[in-house]
Structures are given as C-alpha cells and as structure tokens.
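Here the structure is laid out as structure tokens; the discussion comes afterwards.
The values are calculated or read from the model by the stated rules, or taken from the named source; none is laboratory data. Everything numeric here is computed off the predicted structure, so don't read it as measured data. Here Cβ is always computed from backbone atoms with ideal geometry, including for glycine, and neighbour counts include all displayed protein chains.
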Amino acid sequence: MNVNILMGTLVYGSVLALLSLGITLIYMTTKVFNFAHPRLSLFGAYLAITAMAAYITGKGIQPDLTVHEGIIPYRLAYPASVYIIGAVVAIVGGIIAAMVEYYLILKPLLDRGSDYLQLMIATLAYDFILMAVLFLYNTHVKIVSLLNKINVQSTSVDFSSYDLYIMKGYLTIPGDALYSTLIVLIITAAIYILLFKTTLGVKMRASIENPPLAEVLGINVRRIYALSWIISGATAGLAGFFIMMRPSVAGLKPISATSPADEIVVSAFAGSIVGGVNSIFGSLAGGMLIGFIEVYVTFFIGIATGLGAITKYSRVISMFAVGLFLLFAPQGLAGLYKKYLAPPPAAPELGEEEHEEGEG
Amino acid sequence: MVNLAVMAEQIISFIAVYYILSASLNMKAGMTGIPDFGQAMFFAVGGIVVGNLATRIAAVIAAPELGVTRGEAWKLVITQNTDFVARLNEILPHKPGLSIAMILFSLVIAMILGGLLGWLASYPALRLRGDYLAIMLLTASEGLRVLATYTVSIMGSTPTVGLTAPNFFGFTGNAPLWTSVFALIMALLTYVYMESFHNSPGGRLFRAVRDDEESAEALGKDVAKVRRDAMIIGSAFAALAGVVFSLNPWTTGSSIAAQSIFDRVFWTFWPWALMILGGMASNRGVGLATTIVVALLIGPIRLYKQDIARLFHVQAVGIDVGYFANALEYILLGVLILLVLLIRPRGIIPEPPSWTLKKDKIKEIARKYQA
C-alpha cells in the first residue's frame, strides 16, 4: 500500500467532497449549477495566504523545525494560530465571494424570473470577473513570494508540522490529510444536526422541497437560500485552504488565478452528480468517491498495466462518471442507496422528490 | 506601429470564425433549445482535421519531394512535427492543386466528423433536458480535451506547443489576405444558409420543438429526430469554424494546440455571450453582435492586448501589464454577459417572426382582413 498516494487521495477527495457539497446545496435551493464555485475557493485561498503571511511577518514569527516528543510526537513549525487564521480567513473569503454572487447577480436575475440558462450563464460571467480580480490581485501581491514567506522549502503552504505520528517511524498521517478528512466528517455531522435536529433545518428542508408552501407557512425562503449560499461559500473557502496544502496531487498545478479551479471544476461537478444532485450526503460521498477513483485507482491501474501515463487521463474518468450517472442513474448514489440499501419505510428525507428533468 | 491592413485582415478572420461558431450555437441552443456547453469540442474537430489529418495526407502526397517514403511521412508529421511540417510548408506554395484539394478536404471531412460527433452527443441530448444536459456536454468537452492533450498521435508530443499549422494558402502569394477572404466567404455562406433555414419549414419545426415539445409531438413531428438533426447540423458548422480558424496561421499563431482549440472560454463561452447579446434564435442579431463585439473588443484585445494594457498606464499603480492584459478580456466578457442579462435579456435584435411569404404579401392579406 502506498501511504503517500492514499494520503494525497484523502486530501483531494475531501476537497472534492467540500466543493460538491457546495454545488449540490446551491442546486437544491437556487436551482442553478454554480460554475463559479471552484473560483470561490480560490478567492478564499488567496485571502488566506495573504492573511497568514501578514500575520507571520507582523508578529515576526520564525519557523521552528525541531521535532517535539510527546504522547504524539510532532513537529511545530508555526503556532496553530497561523493555520487557524488562514482557515478562518479562507472561510470568510469564500462567504464574501458567495454573498456577492447571490445578492448582486443571481438575486436580481431571480427576481426578474430568468430561466435556468440565464442563471447558469450569469454564474459563468461571475467566474470570469472573479478570475480577472484574482489576476489583478496576484500582480499586486505576489502569491509565490507570500508562499515562500510561509514555507521556506516549497511553493505551497503545508501542514507537515501537524503530522500525526502513529508509532513513530512506521506510519505518519500528514496533517493535511488528517485535518481535511476530519473537517469533512465534522461538516457531515454538523449538516445532519442542522437539517434534522433543528427548527432551522426543518425550515430549510421545507424551502427546498416546496418553496411556495413554505412561503405560505411564513418561512422566509429567500433568507434560507442566503443561508445555503453562506454554507456553500464557507465550505468552498475551506476547500481552497486545503488545496493550498497539497497542489501536486491529481496533477493540479500550484495555485494561481486560473488553476486549480479550471482543472478541478469537472471533478467537482462529477462529485455532485455522482452523489445525486439532490442529496447533500450523496454529494459528500460522491466527491470522496471521485477523488478516490481519479487518484488512487488510476495510480494502481498505471502500476498494474505498466502505463504510468494513464494517470494523466484521470479526469476522463470524471467525464464518464457524469455521463453514466446522468444517463442511467440520474438520482446518483443517493438514489441507488434508496433503491437497494435503505430500510423500506424510509422517513421523509432530503431530495425525496422525483427529479422531473432526469429522464426525458 | 499598427499595420492597418494586417489588423483588418486578422479582425475579419476573427469575425468570420466567431460568426460561424455563434450561428452554429444559435441553431442548437437558440432555435432548438439544446443548451450546448460543449461547443469547444466540435470546434476542436476542425482544428484536429487541419493540423493532423490534412497535414498528414498532404505530407504523404508530397513525400517523394521531401525525400521520405509515404509511410514515414505519415508518422513524421507527428514525431518530428516542427521540422517536418516546416519543410512541408516550404513546398506547399509551389503546389496549388494539392493545397486547394487539402482545403476542400479539410472542409468536407471536418464537417462530416463534426456532424458525427454531434450525432454521438445527441445520444444524451435526447435523454436529458436543461441544466443536466449542459453539464453533461461541458464535461464531455473537458474530457475530450484531456484525452486529446495527452494522446501523442492526436495533438503531438508537447501539448502546449501543439502541431504546426500547414501553409495551405501559401500558393496565393498573399496568404493573410486570402485566408481572410476565404473566412469571409465561409461566414457569408453560413449566414445565407442560416437566414434561409430560419424561415424554412425545417427552421420553424426546430423552434416549435423548442417552444412546446408535446404539441409538436401531438402534431406528428418526430421530436427526437429534430433534436438529433439540430445537433448534427449545428456541430458540423462548429467544425467548419474550427477549420476556418486553423487554416489561418495568423489567428492560430502558426500552431494548433489542444490548449487553444479546446479552450472553453474562447470557443464555448464567448459564442454564448455573443448569441445572448445578439438575441437567441435571431440570426441577424447574432451576426450584428459578433461583428461589433469582435471588431471592437475581442479582435483588438486578442491581437494587441499588451499594447492596450499599456494604454491604461497600469504600471503606475503597480499592476503587471501582462496580467492586466489577461484580466481585461475576462472582465469584459463577464461584465458584457451580466449587462445583457440584466438590461436586455432578449438581445439587441430579439427573435424575429418568420416571414413565410414576402412582407408585402402578408401586409396585403392583413389589409384584406381589416377591411
């Protein structure tokens, strides 16, 4: 078992799961595929790098590379506060970008009764504007020099100071894999609690399943939609924060205005669609699955067949996954789960309604 | 110093390419209601036919003069692309017959292959609707881009450089002029075809299917066949645009790379923007919007972006000219789309009614009924 590849897969899968979650959430509420979604995470990542670098230089923190022994021995390069600040700023950045998109672009169009095509194209337009903003920002604040400030060895931030040593010298779980996986699990649990254990969750599910009825019952549907945009932006920002940690996985290029958003967009949508576009938990599973197949499975196919070059084609798998699922299982993993695995008297849950556009 | 003649030739070529591409998209999305976000893959078919297939065949035919066997020539086009095609390009100007044959060959084969790919893409287009279909076609286009980029026998060994463009217009003596004339002729032919198709029974049937599938079906029309036909014909025209683009060494920058011909911003989203700006299903609107936007924005930016960026004196505020030039096109594209959607969602010339008779005749009939 190649631990390194597996750990990379975990990071990539978590990033895809977070992105797919955001895409699915927006599709369920606003009924639009948000093409700008991966760019929201880049926006978060840019702000996070800037904030981290400013914090380090402002406080004059020096990297400390000694290994500390303990119950869990660890290497502490920077105090945790640096990373916490990075993550928080990334989340805030994602939320800001998402809010701008919803209030300045999509809401006016929704009020005008634009159809799905116009909304979709509007998200594309926002994607371009955001990309241009990042281009301009990159010239003011050289991202590479910021990265060098944070991490002397490489052109990416890393979490290696938070590696988890299980039996020192035998198994090391890199910090980025550990924390990204943990975050996905925590978010899954949090969303479950939010949706099924709180009044707000009930309102949210009602607004998704039947917006007019929910409105009649006194729920402010637009506010619920705004909430879903906040969650979506926050998870996108987090995804961006983790992309910074390990850009080399899955052939992604180091962070810039265009990459990795342009490359990852297909995989993120594949995760959302494989999960079933109307299921939040499906999207988390779908993102993880696509990440696992793209990195881990192609790696082993490459070794087994001796064609190492096959890993370059990994994104074609996403394309086939999208095609197969849309054509033959439009409800995605969630639909398959419901059909074959779920206990028969299924309690009414999210994404229950038949999607009318699935089959023509 | 900007050479006005060169600028005019290049801009005309760009207008022609974008018009054919937008008109093809208009047939699929505007008239038939198929949200094709995979336009770049049909466009790329044209580029691959010119850069790969036609160049290979030209090399095979001219092999004796290049001093290699025919079998070797077929392979050398890919394995030693830069050197070998440069040698081929030196010979081509002296072979007008071969060049013209290859131009025609590219046109015909690219349209057939484009139509074939459109026929394949119509498989999901018959089964999916709306945004699902859009996502499907977008991912298909991206998937094919990855496939083509890393497959040496399609796009050569270095994806960023790609294949050297063949000089099929070298025999005319003034290649830039004649490529743009050729592009203009192709665009005019496309315009005439689209204009007549809009009013023909076929065009009206396409729009009937878009507006109300069930009633079209109830009247005995085969909806599946209509959607399939729209995909085939529309995609064939997109491949034609790819050929027109790739035959012009000035617009391609002398090389046909997977990065440039599969670019979804240039060949999928710009045509969408132009189509929405012109008015969906409005052929004249699309033509007008393409001409204005390409002549004033896309053409100058694509050709002289560094100079334009310098005009803004962005260095003064610490912004890099190269980055600003890149950002400029994206900002313009984004803002343009948003403005159209917010201010004039039906485009500058909204979809016209179809004039099945001459206008005077219709007025005459109307007068008769008013009396």
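Yes/no per residue for (1) β-branched (Val, Ile, Thr); (2) surrounded by fewer than 24 Cβ atoms within 10 Å (Cβ to Cβ); (3) without any contact (Cβ under 8 Å) to a residue 24 or more places away in the chain:
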position	(1), (2), (3)
B:Val244	yes, no, no
B:Gly253	no, yes, yes
B:Phe262	no, no, no
B:Trp270	no, no, no
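Kindly indicate whether any position in region A:307-326 is more than 30 Å from A:Leu130 (Cβ to Cβ) and either within 9 Å of another protein chain (Cβ to nearest Cβ) or at pLDDT below 70 (or both). Quick ask: steps written out before the conclusion?
Residues of region A:307-326 that are more than 30 Å from A:Leu130 (Cβ to Cβ), as a first pass: A:307-310, A:324.
Adding the requirement that they be either within 9 Å of another protein chain (Cβ to nearest Cβ) or at pLDDT below 70 (or both) leaves A:308-309.
The answer is yes; a qualifying residue exists.
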Close pairs from region B:141-156: first at the interface with chain A (Cβ under 7 Å from one of its Cβ atoms), partner part of a helix (DSSP H, G or I) and among the hydrophobic types (A, V, I, L, M, F, W, C), Cβ under 6 Å, at least 6 apart: B:Glu142/A:Val266; B:Gly143/A:Val316; B:Gly143/A:Met319; B:Val146/A:Val316; B:Leu147/A:Val316
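Only residues that are within 14 Å of another protein chain (Cβ to nearest Cβ) and hydrophobic (A, V, I, L, M, F, W, C): list them for region B:118-130, please. Break it down into steps so the answer makes sense when it comes.
So the first thing to find is which residues in region B:118-130 are within 14 Å of another protein chain (Cβ to nearest Cβ), and the list is B:120-130.
Result: B:Leu120, B:Ala121, B:Ala125, B:Leu126, B:Leu128.
Residue check: is B:Gly162 away from chain A (no Cβ under 11 Å), among the small types (Gly, Ala, Ser) and touching a helix residue (DSSP H, G or I) at 6+ places or on another chain (Cβ under 9 Å)? Show your work before the answer.
Details: away from chain A (no Cβ under 11 Å): yes; among the small types (Gly, Ala, Ser): yes; touching a helix residue (DSSP H, G or I) at 6+ places or on another chain (Cβ under 9 Å): yes.
Considered against the rule, which asks whether it is away from chain A (no Cβ under 11 Å), among the small types (Gly, Ala, Ser) and touching a helix residue (DSSP H, G or I) at 6+ places or on another chain (Cβ under 9 Å), B:Gly162 comes out as yes.
Identify, from the list B:Val265, B:Val226, the residue that is within 14 Å of another protein chain (Cβ to nearest Cβ) and more than 17 Å from the chain's Cα centre (by Cα).
The conditions single out B:Val226.
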What number goes with the only condition from (1) within 14 Å of chain A (Cβ to nearest Cβ); (2) in a helix (DSSP H, G or I) that B:Met280 does not pass? (2)
Output yes when any residue across region A:242-250 is outside any loop (DSSP other than H, G, I, E, B), at pLDDT below 85, within 17 Å of the chain's Cα centre (by Cα) and within 14 Å of another protein chain (Cβ to nearest Cβ), and no when none is. yes
Mind counting the residues in region A:291-319 that are of a type in the set (Lys, Arg) and out of contact with any Phe, Trp or Tyr (no Cβ under 8 Å at 6 or more places or on another chain)? 1
Checking the structure you have, find out if any residue of region B:248-266 is out of contact with any Cys (no Cβ under 6 Å at 6 or more places or on another chain), within 30 Å of B:Glu213 (Cβ to Cβ) and in a helix (DSSP H, G or I). yes
Tell me yes or no: at least one residue of region B:85-94 is charged (D, E, K, R) and modelled with pLDDT under 90. yes
Check off (1) modelled with pLDDT under 90; (2) crowded, with 16+ Cβ neighbours inside 10 Å; (3) within 14 Å of another protein chain (Cβ to nearest Cβ) for B:Leu137 and give me the number that stays unchecked. (1)
Only one of B:Ile34, B:Ile112 is of a type outside the set (Gly, Ala, Ser) and surrounded by 22 or more Cβ atoms within 10 Å (Cβ to Cβ), namely B:Ile34
B:Val340 is checked against (1) closer than 19 Å to A:Met131 by Cα; (2) within 12 Å of chain A (Cβ to nearest Cβ); (3) β-branched (Val, Ile, Thr) and fails just one. What number does that condition carry? (1)
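Just wondering, is there one or more residues in region B:285-292 that are out of contact with any helix residue (DSSP H, G or I) (no Cβ under 8 Å at 6 or more places or on another chain) and assigned to a loop (DSSP other than H, G, I, E, B)?
Here is the first cut: in region B:285-292, the residues out of contact with any helix residue (DSSP H, G or I) (no Cβ under 8 Å at 6 or more places or on another chain) are B:292.
Narrowing the set further to residues that are assigned to a loop (DSSP other than H, G, I, E, B) leaves none.
Looking for residues that are out of contact with any helix residue (DSSP H, G or I) (no Cβ under 8 Å at 6 or more places or on another chain) and assigned to a loop (DSSP other than H, G, I, E, B), one finds none in region B:285-292, hence no.
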On the basis of being away from chain A (no Cβ under 13 Å) and buried (at least 18 other Cβ atoms within 10 Å of the Cβ), does B:Ser354 make the cut? no
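So which residues in region A:118-137 are within 7 Å of chain B (Cβ to nearest Cβ) and not small (Gly, Ala, Ser)? Working first, answer last.
Step one: filter region A:118-137 for residues within 7 Å of chain B (Cβ to nearest Cβ), giving A:118, A:120-122, A:124-126, A:128-129, A:131-132, A:135-136.
Once the filter is applied, which keeps residues that are within 7 Å of chain B (Cβ to nearest Cβ) and not small (Gly, Ala, Ser), region A:118-137 yields A:Gln118, A:Met120, A:Ile121, A:Leu124, A:Tyr126, A:Phe128, A:Ile129, A:Met131, A:Phe135, A:Leu136.
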Looking for something out of contact with any Ser or Thr (no Cβ under 8 Å at 6 or more places or on another chain), in a loop (DSSP other than H, G, I, E, B) and on the phi > 0 side of the Ramachandran plot - is there at least one such residue anywhere in region A:257-265? no
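This table checks each residue for (1) crowded, with 21+ Cβ neighbours inside 10 Å; (2) under 24 Å from A:Ser314 (Cβ atoms); (3) at pLDDT below 90.
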site	(1), (2), (3)
A:Leu16	yes, yes, no
A:Lys31	no, no, yes
A:Arg39	yes, yes, no
A:Ile56	no, no, yes
A:Pro63	no, no, yes
A:Gly70	no, no, yes
A:Ala80	no, no, yes
A:Gly93	yes, no, no
A:Tyr102	yes, no, no
Matching residues in region B:313-337 - criterion: being more than 27 Å from the chain's Cα centre (by Cα), small (Gly, Ala, Ser) and more than 7 Å from chain A (Cβ to nearest Cβ): B:Ala316
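Looking at B:Ala216, B:Ala230, can you tell me which residue is part of a helix (DSSP H, G or I), small (Gly, Ala, Ser) and farther than 22 Å from B:Val108 by Cα?
Working: B:Ala230 fails: farther than 22 Å from B:Val108 by Cα.
Testing whether each residue is part of a helix (DSSP H, G or I), small (Gly, Ala, Ser) and farther than 22 Å from B:Val108 by Cα leaves just B:Ala216.
Within region B:15-29, which residues are within 19 Å of B:Ala110 (Cβ to Cβ) and within 11 Å of the chain's Cα centre (by Cα)?
Scanning region B:15-29 gives B:Ala16, B:Val17, B:Tyr18, B:Tyr19, B:Ile20, B:Leu21, B:Ser22, B:Ala23, B:Ser24, B:Leu25.
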Cross-chain or 6+ apart pairs with Cβ under 8 Å, region A:217-228 first and in contact (Cβ under 8 Å) with a residue 40 or more places away in the chain and closer than 16 Å to A:Val32 by Cα, then surrounded by fewer than 16 Cβ atoms within 10 Å (Cβ to Cβ) and of a type in the set (Phe, Trp, Tyr): A:Ala226/A:Tyr103
